[in-house]
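Working notes, structure below.
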Amino acid sequence: MYPYRLDRNPYPSSPTPTLIDAKILGGKRHKEAKAAVLACFSDLHGKVAEGKATDKDFRLLTIIQDVGSGKTHLALHIKGLKEVEDRTVISYVDLTQISPRNMHSLYSAMLGGFTDEYIAQMRRAVVKHLLAKAEQSSTARKVFNYGFMDSITGKRLSDKAELLLNNELVPNYSALSETLSREFSPIEVAILKLVVEGKFRADAANVSTLEDIIASLAALASLNLRFLGRVTVFQLDEFDADRETTEFVKAVINAHVPAAALLLIFTPSSYDDISKANASVFDRLEKANYKVDLAGSNTYEEILDIIMEYIRFHDAGKCFTDDEERDLAAKVKVIYDEFPDFRNVRSMLNIMYHATENAGKREAPIIDEQAIDETIKNVYPGLRIRGSVMDVPISDFIKIRRSTSDVSVLESGVKDAVRNLVNYAHEVGAVAKPQKSNGSGVDIMFSDPYGTKVAITVVINRDHAKSFEQISNTLKTTGFVDKLVILTNANTTAGTNGSAVVTMDRCKMIDLIYFSNKYKNNEMMEDDSQRALMLAKSIRIC
């Protein structure tokens, strides 16, 4: 059993999305992008619904954003939608898988990008069309090798058609060509013959020029509309500035293939490279009918919704509680804030996959701090909380950060930690014995090795304006010491002679609380001692 009472790990394990993984789509930005693409397909299908298409019925779409932002996932998700399947035929091509790239390999890949299910549907539709013709034409009957003996034995034309579809009958190619040529162009006939033979993808061997390829793409789009009532969509993923590829795409765009859409997927850096390498292609991309920019897809809110969507999708019993969702969200927030490397969909899903596996093996009911800690240690060895002097483990960092989300709790914890740190500095001989504070907002007093009387006060507020006011008041009432150190979360350099204001970020405050916990529990090791003194120096204690 996996966390949250799931019977399987909901997160993908593959570094790149698969069609199965892509069934799930989360994130407001991604859903908005999906809606835009679907609107394009719906608009195009509506224009050609009566089976007639012109060069005005062509659409160019672009999807752009950084690596790991979910572009491919979005494209595959759309490809697998039932509502899309009913209106479109989609060929998906990953351009990184094509080498060398030339017009023939690109066309071959586009033919390969159509699913076997589509090819089977197309073949059945064409054979059904031939069967209808055979009911009226003796030439068409010859396609199925239907003769006198078949009629005598009671064998029907439909039986012969099924034999053909099951590859148990070889069609009469001469009759097939003659029958098809009465309705279709030579290019369409060539494609249809290959469809009937079950050799659809072999058309790549029939073209010799770019002009031939464009004509074949146009013919294919026309046939898809004629036989299936669907528009044709060519998805090219990882589109870049490769010369052969850009020239090929330029030709497709210029051809305005009727009843077709070209969807290009690339990164901002690739887009910039294209602008420098091929100005005319860049100009066409700039004028795309739909430009889907996934900017914002790597925000915390977007990534969090994607993470939650995987659980919701697999939570058949709807057992995932609001408390569990808030708990997981708080942990994800820490990862997102503290590790810039994980601020993209792909990396965060990888963490969630491994953390879920870890928690599942331990039969933990939720994705706990230990699961996240061990995941980052094992999957990303050497990664540390940035700026942490005490080298706080991820699990402790998450616990402390969550427990101190209330600013009053945080301030109390930091004050207690500073007192403990001064006491520890005294124990190792770095400062004199601490003295009781005499009020006036001072939290602890002590003397340094030179006899200088030092006072420390902690000022932490959510409202920094209140912090500035409190710091100002403290500066006015602490003339009884030689040196005043104010530790605050407010970004200020306020101070006078004999006073210093030290701005602490949340990482520094968690360092203090982590030290304090170890100190109170007598868990200080040699490395901890050295780190504690470094921490004390960083906040002007010694």
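Bear in mind that the values in this text are calculations on the coordinates, not laboratory data. Because the structure is a prediction, the values reported are computed rather than measured. Quick reminder, even Gly has a Cβ in these numbers, built from the backbone with ideal geometry, and neighbours come from all protein chains shown.
Note on the stretch 350-453: Kirkwood radius taken over Cα pairs, Stokes-Einstein applied at 37 °C and 0.692 mPa s, translational D equal to 195 µm² s⁻¹. Helix 394-403 sits at what angle to the longest principal axis of the chain, using alpha carbons and giving 0 to 90 degrees rounded to 10? That helix lies at roughly 70 degrees to the long axis. In plain terms, if you count all Cα to Cα distances in the stretch 1-140 and split them into 10 Å steps from zero, the share in each step is 9, 28, 34, 19, 8, 3, 0 percent. Would you please give the FRET efficiency between E50 and E135, computed as 1/(1 + (r/R0)^6) with r the Cβ-Cβ distance and R0 = 25 Å, to the nearest 0.05? E between E50 and E135, to the nearest 0.05, is 0.50.
Using 0.36 nm per residue of separation minus the Cα-Cα distance, give me the extension gain between S177 and T503 in nm, one decimal. Don't skip to the end; give the middle numbers.
Values: separation 326, 0.36 × 326 = 117.36 nm, distance 8.28 nm.
Extra length from S177 to T503 when fully extended: 109.1 nm.
What aspartates and glutamates could a cross-link reach from K133, if we take a straight Cα to Cα line under 14 Å and drop same-chain neighbours fewer than 8 places away? Cross-link targets: E178, E183.
Nearest 10 degrees, 0 to 90: what angle lies between the long axis of helix 103-112 and the longest principal axis of the chain (Cα atoms)? Approximately 90 degrees, to the nearest 10.
In the neighborhood of E168, defined by Cβ-to-Cβ distances under 11 Å, what is the net charge if each Lys or Arg adds +1 and each Asp or Glu adds -1?
Values: positive: K160; negative: D159, E162.
Net of charged neighbours comes to -1.
Helix 322-338 against the longest principal axis of the chain: what's the angle in degrees, Cα atoms only, rounded to the nearest 10? In the chain, helix 322-338 runs at an angle near 80 degrees to the longest axis.
Could you list, in their original order, any pairs among K47/K71; K155/K193; K436/K483 whose Cα atoms are separated by more than 21 Å? Pairs exceeding the cut-off: K47/K71; K155/K193.
With helices as the sole contributors, the chain gives -16500 deg cm²/dmol at 222 nm; each DSSP H run of n ≥ 4 counts as -39500 (n - 2.57), and the sum is divided by every residue. Of the two radii for the stretch 166-312, the radius of gyration is 1.10 times the Kirkwood radius, both from the alpha carbons; that is the Rg over Rh value. At q = 0.07, 0.08, 0.11 Å⁻¹ the log10 of I(q)/I(0) for the chain amounts to -0.61, -0.71, -1.01, computed by Debye summation with a single uniform scatterer per C-alpha, solvent ignored. Taking 0.36 nm per residue of sequence separation and removing the Cα-Cα distance, the S14/R386 pair yields an extension gain of 131.1 nm. The stretch 372-447 and the stretch 500-542 have Cα centres spaced 5 Å apart. Taking every C-alpha pair closer than 8 Å and separated by at least 6 residues, the mean separation divided by the residue count of the chain gives a relative contact order of 17 percent.
Beta bridges per DSSP, both residues in the chain: antiparallel share near 15 percent.
So which trypsin sites (Lys or Arg not before Pro) in the stretch 1-92 pass both tests, a DSSP loop state and at most 10 other Cβ atoms within 10 Å of the Cβ? Those that pass, being in a loop and sparsely packed, are R8, K56.
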